Amino acid sequence: MPKVNAQFLHDLAGPLAVLSLCLPELKKEWQHCQSEVQGRADPRISELLQLCMDATEEAKHLLKQQRTSLK
């Protein structure tokens, strides 16, 4: 079972790293474009981007804890 868990954690680390890099850039781009689409874009976009960033950070933290507990 630990080998399966280790592989799962390894497989999860890559997508989390990509999200960690992409989401802040996406949020920055949204903030840059937000004034141009004021009133036409869904106001929840900023909130959803922040929630995604928070969830990614939480997942990274949990992943780190799991890796530590498997050692």
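The values are calculated or read from the model by the stated rules, or taken from the named source; none is laboratory data. Computed from a prediction, not measured in an experiment: that's the story for all the values here. Counting neighbours? That spans all protein chains shown, and the Cβs are built from the backbone with ideal geometry, glycine included.
Picking from residues in the stretch 4-44 that are aliphatic (A, V, I, L, M), part of a helix (DSSP H, G or I) and farther than 18 Å from Ala55 by Cβ, the one that is farthest from the chain's Cα centre (by Cα) is Val4. Within the stretch 52-71, track down each residue that is exposed (fewer than 12 other Cβ atoms within 10 Å of the Cβ) and either under 11 Å from the mean Cα position of the chain (by Cα) or modelled with pLDDT of 85 or more (or both). Passing the criteria: Asp54, Glu58, His61, Gln65.
Being free of Cβ contacts under 8 Å to residues at least 12 places away in the same chain and either of a type in the set (Gly, Ala, Ser) or at positive phi (or both) is the filter; apply it to the stretch 12-51 and report the residue that is surrounded by the fewest Cβ atoms within 10 Å (Cβ to Cβ). It would help to see each step written out before you state the result.
Of the stretch 12-51, the ones free of Cβ contacts under 8 Å to residues at least 12 places away in the same chain are 14-15, 17-18, 21-22, 25, 28-29, 32-33, 35-44, 47-48, 51.
Keeping just the survivors that are either of a type in the set (Gly, Ala, Ser) or at positive phi (or both) gives 14, 17, 35, 39, 41.
Values: Gly14: 9, Ala17: 12, Ser35: 7, Gly39: 5, Ala41: 13.
That would be Gly39.
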